[in-house]
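I have placed the structure first, in the form of structure tokens, so that the comments after it can refer back to it.
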Amino acid sequence: MTTAPTLTTFSAKDAKARFGQVLDEALGHPVGITRHDRLTAYIVSRREFEKMVARVQYLEDQLWLAKAEAAHNEGYASAERVSAFLSDFSEGNTNNEKSENDKSGNQVLRQP
């Protein structure tokens, strides 16, 4: 586990007056904004924000994969349902679309 770097903070009043400096600081590391001596917000670079979003998405994906495996292992989902879920998942159909087979055996998607 990594340790968090020391956070540079600005009061809201100082951040407003020195906004350019705050942005420059945020390019290197997150900057904290305080109001009444309480940390109330962070400013992060676009690159850092996109890294955080990608990490959250990765962790959500891993959680869904673990849930699918647990459902199968506990007998709540057949191997076929888990395989269909994983197939949908790998194809990017992760926005609550469900996979089913029609009468001809072709895979179709339906909304819940």
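Against the conditions (1) over 21 Å from the mean Cα position of the chain (by Cα); (2) surrounded by 14 or more Cβ atoms within 10 Å (Cβ to Cβ); (3) not charged (D, E, K, R), where does Leu39 fall short? Just the number, please.
(2)
Among the residues of segment 25-57, how many are over 17 Å from Thr6 (Cβ atoms) and of a type outside the set (S, T, N, Q)?
Qualifying residue count for the region: 15.
Just name the residue that is modelled with the highest pLDDT out of those in segment 4-26 that are closer than 16 Å to Asp37 by Cβ and loosely packed, with under 13 Cβ neighbours inside 10 Å.
The extreme case among them is Lys13.
Select, from Tyr42, Tyr76, the only residue that is modelled with pLDDT of 80 or more and of a type in the set (Ser, Thr, Tyr).
Step by step, each of Tyr42, Tyr76 is checked, and only Tyr42 is modelled with pLDDT of 80 or more and of a type in the set (Ser, Thr, Tyr).
So which residues in segment 42-91 are surrounded by 13 or more Cβ atoms within 10 Å (Cβ to Cβ), under 30 Å from Lys16 (Cα atoms) and aliphatic (A, V, I, L, M), if there are any at all?
Result: Ile43, Val44.
Per-residue answers, yes or no, for (1) free of Cβ contacts under 8 Å to residues at least 12 places away in the same chain; (2) assigned by TED's automatic domain parsing to the domain that holds Ser87; (3) touching a Phe, Trp or Tyr at 6+ places or on another chain (Cβ under 6 Å):
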position: Lys16; (1), (2), (3): yes, no, no
position: Val31; (1), (2), (3): no, no, no
position: Leu39; (1), (2), (3): no, no, no
position: Val53; (1), (2), (3): yes, yes, no
position: Ala71; (1), (2), (3): yes, yes, no
position: Glu74; (1), (2), (3): yes, yes, no
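The values are calculated or read from the model by the stated rules, or taken from the named source; none is laboratory data. Just so it is clear, the model here is predicted, and its values are computed rather than measured. Backbone-built Cβ (ideal geometry, glycine too); neighbour counts: all protein chains shown.
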